Amino acid sequence: MKKQRGFTTIELLLATVVLVIGLIGGSSFFYANRRNLVAARFTRLATWSAISRMESLKAGDYASTGNTTESVTLDGDTATRTTTVDVPYAVALKRVVVTVSGTGGNVSLTTYIAQQ
């Protein structure tokens, strides 16, 4: 009697199915990781843009602080930076809210500056 060697069709089919399931799981992991990295990059750049705007307001003339909307570039991506100034309470403080909006989401920072 001759001994047969090799794989049967069922064994090859099962091995292929297991391999495909592993590849799909791995690719979905890398896709989710890439999406999270892009969102984190936008959040970091938008936060720095908002901080930069707040620092320029603090260093400038408080009396001329007003509402503005401008387009900013965050490492090649375009976003909108909105500065809102109001006096929420009957005190000598202005509330300044800087919001950066883009395809990666929204980042909003709030600070208070003294009125003159």
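A short reminder: the numbers here are calculations on the coordinates, not readings from a lab. The model shown is predicted, which means the values in this text are computed figures rather than measured ones. Here the Cβ is made from the backbone with ideal geometry for all residues, glycine too, and neighbour counts use every protein chain on show.
Data table
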| read-out | value |
| --- | --- |
| Cα-projected label distance for SER71 with TYR89, points at 7 Å along beta-carbon direction, nm | 3.9 nm |
| Theoretical FRET efficiency, 1/(1+(r/R0)^6), r = Cβ-Cβ of ALA40 and THR78, R0 22 Å, to 0.05 | 0.75 |
| Dipole of segment 9-114 [Lys/Arg +1, Asp/Glu -1 at C-beta], most positive-end residue of LEU23, THR78, VAL91 | VAL91 |
| Gap separating the Cα centres of segment 76-96 and segment 97-116, nearest whole Å | 6 Å |
| Rounded to 10°, Cα long-axis angle of helix 9-59 versus longest principal axis of the chain | 10 degrees |
| Fraction of the pair-distance distribution of segment 9-114 above 20 Å, Cα-Cα pairs, percent | 56 percent |
| Total formal charge among the other residues, if their Cβ is under 12 angstrom from that of ALA46, Lys/Arg +1 and Asp/Glu -1 | +2 |
| For the chain: relative contact order, % (alpha-carbon pairs under 8 angstrom, 6 or more apart) | 22 percent |
| Electrostatic dipole magnitude of the chain [Cβ: Lys, Arg +1; Asp, Glu -1; Cα centre; debye, to 20] | 740 debye |
